[in-house]
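Notes for the one structure printed next.
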């Protein structure tokens, strides 16, 4: 009994160290739209926030472009532009975004986020390519080009989806992007017309080890997926694994405070926040919305889950 109890306490100590060593990264979801608006945006935000504790990420969200200033953006390890369309930032917001990227901030863009800020060169470079058009929503096959990436390692080699197969105004590979997923053009109907050269194979998701929109010596990472049109898509476990894999890969750039104490932007040790913005309960509120402190430190926390498991084991061994 004593030997078993001793081993148990050693295990608890080891797990406690591992849990305490995990750094909580912060990601700001920006879902403002100036043109077409996807009705799946609230579903997407909810899906991301529900999965945050499992990947050690706190997701906040806003649609207020006034939050794009040095003080607010500087608290985040990555920005996630979600389904944006049109001119969703003014000049001051664009300047803050550029500075954030220059300081090593990471960037994630999803679906129609490639169809906003169309005249902002650095934004298009950071995404990798601008949206051109898509054929009608339909069933299609997406080929996995690189199965070694955390965003694709769980996917079948031919992934059958119902989504919009985006076409782009340029080839993201021309900026150094690595294409991960490709729309299999034989699996769906696209009447065109296609007027731009987006390269071959057809790019659908990609990453940049160093975001091309940054102007500095220490650019962060960039990840983009063109999938995610439907509410049902954001309720699909395989798609969410694709998204969260891309997010975790992006955060591991080692350019922000979550993983590098020398980072110039990002979450401070312990995931604390010094934001002056008041959290709101609405997922689409004008100011930054974030989980309350109780949510972050109880049942939604990985640490809490570990201690529940350990406590159960300890009780059963006595």
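Starting with the fewest neighbours, write out 159, 206 ranked by other beta-carbon atoms found within 10 Å of each beta-carbon.
Ascending number of Cβ neighbours within 10 Å: 159, 206.
Based on alpha-carbon centroids, what's the gap between the stretch 174-231 and the stretch 55-123 in Å, whole number please?
Using only Cα atoms to place each centre, the spacing works out to 18 Å.
Would you mind telling me the antiparallel percentage of the DSSP bridges in the stretch 70-212, rounded to 5?
70
Any idea how far apart residue 160 and residue 231 come out in nm if each label point goes 7 Å out from Cα toward Cβ?
2.4
Rank the residues 265, 144, 178 as a footprinting-exposure proxy: fewest other Cβ atoms within 10 Å of their Cβ go first.
Ordered from fewest to most neighbouring Cβ atoms within 10 Å, 265, 144, 178 come out as 178, 144, 265.
How do 196, 76 line up, fewest other C-beta atoms within 10 Å first?
Ordered from fewest to most neighbouring Cβ atoms within 10 Å, 196, 76 come out as 196, 76.
With label points built 7 Å along Cα→Cβ from the Cα atoms of residue 119 and residue 138, find their separation and express it in nm.
Between residue 119 and residue 138, the label points sit 3.5 nm apart.
In the stretch 138-152, which residues have a backbone nitrogen under 12 Å from the label point lying 7 Å from residue 200's Cα in the Cα-to-Cβ direction?
Answer for the stretch 138-152: none.
Extending each Cα 7 Å along its Cβ direction at residue 54 and residue 87, get the distance between those two points in nm, one decimal.
4.1
Rounded, prolate or oblate: pick one for the stretch 132-187, where a ≥ b ≥ c are the square roots of the eigenvalues of its C-alpha gyration tensor, a/c under 1.5 means rounded, and failing that, prolate if a/b is larger than b/c, else oblate.
oblate
FYI, it's all coordinate maths here, none of it is from the lab. It should be emphasised that the depicted structure is a prediction, and the values quoted were computed from it without experimental measurement. Methodologically, a virtual Cβ is constructed for each residue, glycine included, from the backbone with ideal geometry; neighbour enumeration extends over all protein chains shown.
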